[in-house]
Amino acid sequence: MKKTDILNRVEKAGVIAVVRGASAAEALEKCEALIAGGVRGLELTYTVPNVTDVIKSLADKYTGTDIVVGAGTVLDVVTARLAIMAGAEYVVSPSFDADTAKLCNLYQIPYLPGCMTITEIKTAMMAGADIVKLFPGSAFDSSIVSAFKAPIPQMNVMPTGGVNLDNMKDWFDAGVITVGVGGSLVKGTPAEITATAKKFMARYHEIKG
């Protein structure tokens, strides 16, 4: 199934780069630098001007590969629809939106809503969210995962915000399925981003053995 395939690729990517930028060109440049460094999961945020065009460009270029392109900071169902039509393979929101969940389910697109409480997590999962984005991750440490998984062991978690090279192992040891990484990964010149991406992916593969 399409949705299962995408979820498997998101999990296999391990590190989802949250890409922001002052322009579409800058965001695209960052994505290419990340890919050169071995990153396979990209989350293009809707804070980037004309980001739908960037999503389409990347989706067209990397279709059929292990690179999985998603849309982030999706606040409403209209934006989700635009992203999906452009080729986004998953949709990420800072909070849960029921209409967006329904749309994503219709198109067999994974929806990853931001949640901070057991109530929010339960609501999201009942609406079909296969992975819950623990956001902001910087508000917690990795021990929160076991606290959430105690009553809901079947939940899949992606912490976003505050994940770095030093604590990434703690998150995976706690049982997260993948991690979202922004500032500590996607900053600097293209060469610097590629170098940092290589460090993150080397660390991820080390953690996974």
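Summary of values
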{"quantity": "Yes/no for L44 being within 29 Å of E206 (Cβ to Cβ) and in contact with a strand residue (DSSP E or B) (Cβ under 6 Å, 6 or more places away or on another chain)", "calculated": "yes"}
{"quantity": "Lone qualifier among F135, F140 - being surrounded by fewer than 22 Cβ atoms within 10 Å (Cβ to Cβ), aromatic (F, W, Y) and touching a residue at least 12 places away in the same chain (Cβ under 8 Å)", "calculated": "F140"}
{"quantity": "Counted residues, region 186-202 - those being open to solvent by 30 Å² or more (accessible area, probe 1.4 Å) and assigned to a loop (DSSP other than H, G, I, E, B)", "calculated": "3"}
{"quantity": "All positions within region 76-131 that are at pLDDT below 95 and among the acidic types (D, E)", "calculated": "D130"}
{"quantity": "Only one of D170, D97, D166 that is open to solvent by 10 Å² or more (accessible area, probe 1.4 Å), farther than 14 Å from I16 by Cβ and touching a residue at least 24 places away in the same chain (Cβ under 8 Å)", "calculated": "D170"}
{"quantity": "In region 119-129, the residues that are open to solvent by less than 60 Å² (accessible area, probe 1.4 Å) and either farther than 19 Å from A139 by Cβ or of a type in the set (D, E, K, R) (or both)", "calculated": "M125, A127, G128, A129"}
{"quantity": "Any chance M116 is touching a strand residue (DSSP E or B) at 6+ places or on another chain (Cβ under 8 Å), surrounded by fewer than 20 Cβ atoms within 10 Å (Cβ to Cβ), closer than 30 Å to D141 by Cβ and among the aliphatic types (A, V, I, L, M)", "calculated": "yes"}
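The values are calculated or read from the model by the stated rules, or taken from the named source; none is laboratory data. In this text, all values refer to a predicted model and were calculated from it rather than measured experimentally. Methodologically, a virtual Cβ is constructed for each residue, glycine included, from the backbone with ideal geometry; neighbour enumeration extends over all protein chains shown. Only protein heavy atoms, including side chains, enter the accessible area calculation; ligands, DNA and RNA are left aside. Shrake-Rupley method; radii C 1.70, N 1.55, O 1.52, S 1.80 Å.
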